1. 7 Å from Cα along Cα→Cβ at both residue 13 and residue 121: what's the point-to-point distance in nm?
2. Take the solvent-accessible surface of the protein heavy atoms, probe 1.4 Å, and return the percent of it on the chain that carbon and sulfur atoms account for.
3. At a Förster radius of 30 Å, what calculated FRET efficiency corresponds to the Cβ-Cβ distance of residue 29 and residue 89, to the nearest 0.05?
4. Based on the alpha carbon coordinates of region 26-65, what radius of gyration and maximum Cα-Cα distance (Dmax) apply, in Å?
5. Could you tell me how many degrees, from 0 to 90 and to the nearest 10, lie between the Cα long axis of helix 40-50 and the main elongation axis, the longest principal axis, of the Cα atoms of the chain?
6. May I ask which residue of 83, 21, 64 lies farthest towards the positive end of the charge dipole of region 13-90, with charges of +1 (Lys, Arg) and -1 (Asp, Glu) on Cβ and the Cα centre as origin?
7. Could I have the simple spin-label model distance between residue 100 and residue 48, label points 7 Å from Cα toward Cβ, reported in nm to one decimal?
8. How far is helix 106-123 tilted off the main Cα axis of the chain, in degrees rounded to 10, range 0 to 90?
Amino acid sequence: MIENYGNVRAVLNELRLALKNLRETGETYSIYIEKTGLAEEEQVEVLETLGRGHITINFNETDQPVEWYESQFSGIWIGTFKNGRDDSILHTVEVAKYPVIAGAYEEDMELAEADLQSWIDAAGL
C-alpha cells in the first residue's frame, strides 16, 4: 500500500506539463515507467490513474510485439513491449499525438510509393 503519493503526483504533473508543451510546441515526451525510480505499487498507481481510452495500436511483426493504447487523457499513450513468450517486459508512457515509434518511417514510405507506382503501372491506370 502506498503511504505517500508524492512520487505519483510528481510523475502525473510531469505528464501534465508535457501535454501542455506538446500542445504549444509540438514536442513529444516519453518515459520508461520502470526506470522512473517509482516503487512497483507507484508504477501501478500511475498506470491505473492514466486509465485506458478508446484507441489501441498493435505492432506484431517482430519478436517483441508492442501494444499502445491512448490513456483516458488524450495525447498520453501507454506502450507495452512484450517478449517472445508474450510477457510484458517494458512499459512506456508517451505524450504525443500518436506513438512516435508507431509512425511510418521514411524508408517504408519510399518503398510503399514505389510499390504503389508498380501496381498502378501493372494495372494500366
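The values are calculated or read from the model by the stated rules, or taken from the named source; none is laboratory data. This structure is a prediction, so every number in the text was calculated from the model and none was measured. Cβ: placed from backbone, ideal geometry, glycine included. Neighbour counts: every protein chain shown. We work out accessible area using only protein heavy atoms, side chains counted, and drop any ligands, DNA or RNA first. Shrake-Rupley method; radii C 1.70, N 1.55, O 1.52, S 1.80 Å.
1. Label-label distance for residue 13 and residue 121, simple model: 6.0 nm.
2. On the way: 4320 of 8680 Å².
Carbon with sulfur: 50 percent of the solvent-accessible area.
3. Numbers: r = 22 Å, r/R0 = 0.72.
Calculated value: 0.90.
4. Final numbers for Rg and Dmax: 13.3, 32 Å.
5. For 40-50 against the chain, the angle is about 60 degrees.
6. It is 21, whose Cα lies furthest towards the positive end.
7. 3.1
8. Result, in degrees: 30.
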